[in-house]
1. May I ask you to list the trypsin sites (Lys or Arg not before Pro) in the stretch 98-142 that are in a DSSP loop and have at most 14 other Cβ atoms within 10 Å of their Cβ?
2. Å³ per residue of the Cα convex hull, for the stretch 29-154?
3. How far is helix 101-110 tilted, in degrees, relative to the longest principal axis of the Cα atoms in the chain, given as a value from 0 to 90 rounded to the nearest 10?
4. Relative contact order (percent) for the stretch 37-108, with alpha-carbon contacts under 8 angstrom and 6 or more residues of separation?
5. Determine the percent antiparallel among the DSSP beta bridges restricted to the stretch 112-253, to the nearest 5.
6. So I have (i) 87, 42, 36; (ii) 55, 40, 33; (iii) 67, 40, 33, and one of them is Cα extents along the principal axes in Å calculated from this model. Which one is it?
7. Once you've got the Cα coordinates, tell me which of LYS59/LYS251; LYS47/LYS90; LYS64/LYS90; LYS59/LYS117; LYS90/LYS171; LYS171/LYS234 are over 29 Å apart.
8. With the chain treated as a Gaussian network of Cα nodes joined by springs under 10 Å, which of GLN70, GLN192, GLN98 yields the largest mean-square fluctuation?
Amino acid sequence: MIVNSEFLHLEHDGKILLVNVDGEGPEIPIIGRSYHEDGIAIRLPTKEEVAIMGINWTKRRTNKIRLGEQDFTVTYGTPIIEWPSSWAWKDSVISDSQVDPLVRESVYRTLHRVVSKVIIVNDEDEVVLAKVSRGFFTGCWTLPGGFVDYGEHPRDAAQREAMEELGVSIKIPDPLGEVSDPMKGKSEHIVQNSIFNDEGINWLSYTYLCRTNLDGQEITPKVGEIEEARWFSKSVALEKMVSVFDIEAIKKLL
C-alpha cells in the first residue's frame, strides 16, 4: 500500500478517477459495502500514477486537508479527455466504507455551501444590518441571511432568514414565478462564488434586493443569534460590513 500525502483529484462532469491500493484503476465504489479489516480498497491516485495511465490534465487549485493528525495536499484538476464513462460517480464514494476517507473529504470540499441574503432598503435608501452573536461573523455587522435549507429556493431562504433573524415579513419580487405565482416588481439579485482559503470550502451566495419600509413592522432581533439590528446609510453600511459578499452586493445592487 502506498504511503503518501499528496494526491490528485481528477473530475469530469460528475465522474472522478479512483484507483486501488496499488494505484491501478479506474476503480468503482460498491454502494453499501462494509468496512473490512484489511482497510481501504479505493483511494485517489498520485500524479505519478496518472502519468503512467497517460492522462493529461490541467490544474484548477490545491487544497490542504487534515484528517486526524495527518496533513494531505490534494491537487484538483480537469482531465483532458472525453467524458470518462468508466470512472466513478463522485456521489458513489459516500456509501462504500472501503473508500479512503480522504476521497470522501476531497469530494465534500467540492460541494457548494449555499447561502442566501437580502438587502432590505427603505425609501430613504437605508439598509438593515444585523450584528451577529454566533457563527462565522460573531460580533460583526452583516446582511440578514444564512444557509439555504435542503430543497429550498434561495429566494425563499432569504425571506425566511429575514423573519427568523429580524422578525419581519418581506416579499422579494419574483416576476418570473421562480418560486410560485409571479409577483410584480423588478427582480434584483447577485450570485457570487468564492473559495477563501486553502481548505477549499466553496461558497455560493445569493443576495436579493428588497425595497420596503416594512409597513410598520418592528425589527426584533433573534435572541442568541442577533445582538442588534439597525438601519444604516449605504456609506456607513459599507464601512461596518466585513463580508466580501455583502460589500460587493451592496456596491452592485444599490
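1. Taking the stretch 98-142 and a limit of 14 other Cβ atoms within 10 Å, the loop trypsin sites (Lys or Arg not before Pro) found are ARG134.
2. On the way: hull volume 26.4 nm³, N = 126.
Each residue corresponds to 209 Å³ of Cα convex hull volume.
3. 40
4. Computed over the stretch 37-108, the figure is 38 percent.
5. Restricted to the stretch 112-253, the bridges split so that about 65 percent are antiparallel.
6. After the calculation, the listed value that fits is (iii).
7. Values: LYS59/LYS251 32 Å; LYS47/LYS90 19 Å; LYS64/LYS90 19 Å; LYS59/LYS117 32 Å; LYS90/LYS171 37 Å; LYS171/LYS234 21 Å.
Among LYS59/LYS251; LYS47/LYS90; LYS64/LYS90; LYS59/LYS117; LYS90/LYS171; LYS171/LYS234, the Cα-Cα distance tops 29 Å for LYS59/LYS251; LYS59/LYS117; LYS90/LYS171.
8. Looking only at GLN70, GLN192, GLN98, the largest GNM fluctuation is found for GLN70.
Where a number appears in this text, it was derived from the coordinates with a stated rule and is not lab data. Note that the structure is predicted; figures quoted are calculated from it, not measured. A quick note on method: Cβ atoms are made from the backbone with ideal geometry, for glycine too, and the neighbour counts reach across all protein chains shown.
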